[in-house]
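Right, one structure below, let's go through it.
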Amino acid sequence: MKLFTCKQIAGIDQLTMKLEPVLSIDLMERASFQIADWVIKNINHDWQIYLFAGPGNNGGDALAVARMLAWSNLKCTVYRIDFGRELKGDPVINWQRLEEQNQVILRKIDSEDSIPEIPVDAIVIDGLFGSGLNKPLDGLAKEIVKQINRSGATIISIDIPSGLFGEDNSKNDLSAIIKADHTLTFQFPKLSFLFPENCEFVGDWTVLPIGLHPNAIEQTETPYHFLTKKFISGKIKPREKFSHKGTFGHALLIAGSYGKMGASVLASQACLRSGVGLLTSHVPQSGYEIIQNSVPEAMTSIDPSETVFSEVPDISRYSAIGIGPGLDKKQETQQALKALLQAKPSKLVIDADALNILSENQDWYDLLPENAILTPHPKEFERLAGASFNSFERLQKQLQFSAKYKVIVVCKGAHSCITLPDGKVFFNSTGNPGMATGGSGDVLTGIILGLLAQNYSAEDATLIGVYLHGMAGDLAATEIGEYSLIAGDLISHLGKAFLQLE
Ligand SMILES: NC(=O)C1=CN([C@@H]2O[C@H](COP(=O)(O)OP(=O)(O)OC[C@H]3O[C@@H](n4cnc5c(N)ncnc54)[C@H](O)[C@@H]3O)[C@@H](O)[C@H]2O)[C@@H](O)CC1
Ligand SMILES: [K+]
């Protein structure tokens, strides 16, 4: 699914009106119906509803929603913020319709004294400001936001929490943003919803389709995408009847050191469960028995060192290489990593300690083979590319890094963010907090490696791998919950995840 900036969404709205065609007031009615329908299905009808309407179309939505809720006999009071300016356009029509309907109490807020006290068992519907916000909220609008946030009531935001920008909130006043429990957003999630620091404002979010025109969406170019099941399913290649293990490639995994062999075991198992034909796990001598006992399906390549990775094996036999989980950062490992990069493997996934070694040797970045896949978590990315003030700024750094070194970067987290050298950005839609557990990243490395070895392109291996990894986590969490989820559960649910994508 494409993701757009608020400005682009306004353009798509306009194009929809022209192409469908539909009047803006009717589009607003359609959008508002979706909100009202959700509210009617999801809230306790005995509760008082406080609707807050701002001066623009977001306020217009709130006015229309109030009328629709009153049809279902919900108890609504509308508070319209009055900056002393005339209402214009569709909000005026919706105000008049409300007055004519005469079933909703109408109030204006024109000073701090007229901001209502909101009981804790009320529902607040926040239609103060939407995607047309042009500066941080201040004055009366900010006071209303603070009062709503203080109330403890259940807050439902229309389209976007009032005060939040759809993209960059670096210069926003964070104390002047609604902290919604639910955000009901029109057609597309806004980019800022996907950044972890905005979770306290956005709450749970739901996308409500409002029938924006497919041609308008198609015509509007964007680098931003949200991974969907349909998109990923379309990338999975069926396994042909006459295939054999050679068809699915031979992966080399360089992982594990004395005391950290679990990383090698997890990544190896995940790689095998991702459909690779053959896997060789390169381990130090002390890891030999561990890997043989834990992953009998894997072949082994034994390092001369007793404890760490110190020497690159002959890489010509392998279709793809993964390196990093559990490696440690010993001097001999650093030099061996450098030698591997100098050997220019054509398909490479780099994770964990291999990334940490890189960040301590930044002059090696130029050695990174084109389309290498780097899978840092935010802290590792910070070591690689420097600190960022927030996720939006980090995304810009990530894009620069991908473009400069022609590599794919996966910044792991809720909605893991993938950047490609050509500037495309993909946010993942699968996964849950149960996956924030040791070894989860090793599993991802194994999955991506397995897909790469099967001759998926670096881009596809990354997108499929990240999506599958999250999906396996979601399937595991439905069975055992998020608390008890461990990395091994991701591996044992990979099969089911693949089945869902067929
Ligand atoms: N464009 C469309 O056709 C549709 C728009 N919809 C709704 O319209 C919203 C966007 O509407 P608008 O573009 O009118 O924008 P908003 O409703 O977000 O508000 C814009 C108004 O607020 C003022 N304003 C902006 N920032 C302010 C600030 N910091 N302090 C005080 N006043 C400020 C602007 O001058 C303008 O009057 C969407 O979020 C969505 O809720 C929906 O009705 C669906 C269809
Ligand atoms: K809003």
Checklist line | P(r) of the stretch 323-454 over all Cα-Cα pairs, binned every 10 Å from zero, in whole percent | finding: 12, 46, 35, 6
Checklist line | the chain, accessible surface, carbon-and-sulfur percent (1.4 angstrom probe) | finding: 50
Note to self: Using a 7 Å offset from the Cα along the Cα-to-Cβ direction at both residue 317 and residue 86, what is the distance between the two label points in nm, to one decimal?
What the structure shows: 8.2
Next item on the list: Determine the per residue accessible area of the chain with all protein chains present and a 1.4 angstrom probe, expressed in square angstrom.
Entry: 42
Notebook entry, point to check: Under a 5 Å amide H to amide H cut-off, with H placed in plane at 1.01 Å, what residues pair with residue 320 once short-range neighbours are removed?
Noted result: 250, 252
Next item on the list: Once you've got the Cα coordinates, tell me which of 241/338; 245/344; 230/260; 7/397; 2/146 are over 31 Å apart.
Entry: 241/338; 230/260; 2/146
Checklist line | For the stretch 208-281, the spread of Cα positions along each principal axis, largest first, Å | finding: 56, 39, 21
Note to self: Give me, ordered by chain and number, the residues 5 or more places off residue 300 or on other chains with an amide H under 5 Å from its own placed amide H.
What the structure shows: 281
Check: Taking the stretch 246-310 on its own, what percent of its Cα-Cα pair distances exceed 15 Å?
Finding: 41
Checklist line | Calculated Rg and Dmax of the stretch 143-293 using C-alpha coordinates, Å | finding: 24.2, 69
Next item on the list: Give me the distance between the Cα centres of the stretch 316-380 and the stretch 138-185, rounded to whole Å.
Entry: 43
Note to self: Restricting everything to alpha-carbon atoms, can you work out Rg to Rh for the stretch 229-501 with a Kirkwood hydrodynamic radius?
What the structure shows: 0.94
Check: Against the longest principal axis of the chain, how steep is helix 261-272, in degrees 0 to 90 to the nearest 10, with axes from Cα atoms?
Finding: 80
Notebook entry, point to check: In deg cm²/dmol and to the nearest 500, what is the mean residue ellipticity at 222 nm of the chain if only DSSP H runs of at least 4 residues count, each as -39500 (n - 2.57), divided by the residue total?
Noted result: -12500 deg cm²/dmol
Next item on the list: Report the relative contact order of the chain, percent, no decimals, based on alpha-carbon pairs under 8 angstrom and at least 6 residues apart.
Entry: 12
Note to self: For 480, 81, give me the order by solvent-accessible area with a 1.4 Å probe, most accessible first, ignoring ligands, DNA and RNA.
What the structure shows: 480, 81
Checklist line | Acute angle (nearest 10 degrees) that the helix 391-405 long axis makes with the longest principal axis of the chain, alpha-carbon atoms | finding: 40
Check: Tell me, what does the Kirkwood hydrodynamic radius of the stretch 42-88 come to in angstroms if you use every pair of distinct C-alpha atoms?
Finding: 11.3
Next item on the list: From largest accessible area down, sort 114, 440; use a 1.4 Å probe on the protein chains.
Entry: 114, 440
Next item on the list: Compare 167, 311 by solvent-accessible area with a 1.4 Å probe and give them largest first, with all protein chains kept in place.
Entry: 311, 167
Next item on the list: Mind grabbing the base-10 log of I(q)/I(0) for the chain at q = 0.10 Å⁻¹? Debye formula, identical points on the C-alpha positions, no solvent, two decimal places.
Entry: -0.81
Margin query: Using only the alpha-carbon atoms, how far is helix 440-453 inclined from the longest principal axis of the chain? Give it as 0 to 90 degrees, nearest 10.
Written below: 70
Check: Taking the Cα centre of each part, how many Å lie between the stretch 409-463 and the stretch 33-83?
Finding: 40
Check: Computed over the Cα atoms, what is the radius of gyration of the stretch 134-213 divided by 2.2 N^0.38 Å, N being its residue count?
Finding: 1.06
Next item on the list: Determine the dipole magnitude for the chain: charges of +1 sit on the beta-carbon of Lys and Arg, -1 on that of Asp and Glu, nothing else is charged, the reference point is the Cα centre, and the result goes in debye to the nearest 20.
Entry: 840
Checklist line | Gain in span if fully extended, residue 241 to residue 107, counting 0.36 nm per residue against the direct Cα distance | finding: 41.3 nm
Check: Based on the Kirkwood radius over alpha-carbon pairs, what is the Stokes-Einstein translational diffusion coefficient of the stretch 218-329 at 37 °C with 0.692 mPa s viscosity, in µm²/s?
Finding: 210
Margin query: Whole-Hz ³J(HN,Hα) for each residue in the stretch 13-28, computed from phi via Karplus 6.51 cos²θ - 1.76 cosθ + 1.60 with θ = phi - 60°, x for glycine and proline: what do you get?
Written below: 4, 4, 4, 4, 4, 6, 6, 5, x, 8, 6, 4, 5, 6, 5, 5
Check: Accessible area of residue 204, 1.4 Å probe, to the nearest 10 Å²?
Finding: 100
Note to self: Using 0.36 nm times the number of residues separating residue 339 and residue 181, minus their current alpha carbon distance, what extension gain do you get?
What the structure shows: 51.7 nm
Next item on the list: Set the Förster radius R0 to 41 Å, insert the Cβ-Cβ distance between residue 293 and residue 71 as r into 1/(1 + (r/R0)^6), and round the FRET efficiency to 0.05.
Entry: 0.05
Margin query: Can you give me the long-range amide H partners of residue 328? Hydrogens built in the peptide plane at 1.01 Å from N, cutoff under 5 Å, separation of 5 or more residues or another chain.
Written below: 353
Check: Per residue Cα convex hull volume for the stretch 68-169, in cubic angstrom?
Finding: 118
Check: Given 0.36 nm per residue, what is the gain on full extension from residue 170 to residue 483 after removing their alpha carbon distance, in nm?
Finding: 109.4 nm
Item checked: Hz values of 3J(HN,Hα) by residue in the stretch 332-338 - Karplus curve (6.51, -1.76, 1.60), Gly and Pro given as x -> 5, 5, 4, 5, 5, 5, 4
Item checked: Equivalent-ellipsoid semi-axes of the stretch 1-155, from the Cα gyration tensor, Å, largest first -> 24, 19, 16
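The values are calculated or read from the model by the stated rules, or taken from the named source; none is laboratory data. Worth saying up front: this structure is predicted, and the values here are computed from it rather than measured. Cβ: placed from backbone, ideal geometry, glycine included. Neighbour counts: every protein chain shown. Ligands, DNA and RNA are stripped out before the accessible areas are found, and what is left, the full protein with its side chains, is counted by its heavy atoms. Shrake-Rupley method; radii C 1.70, N 1.55, O 1.52, S 1.80 Å.
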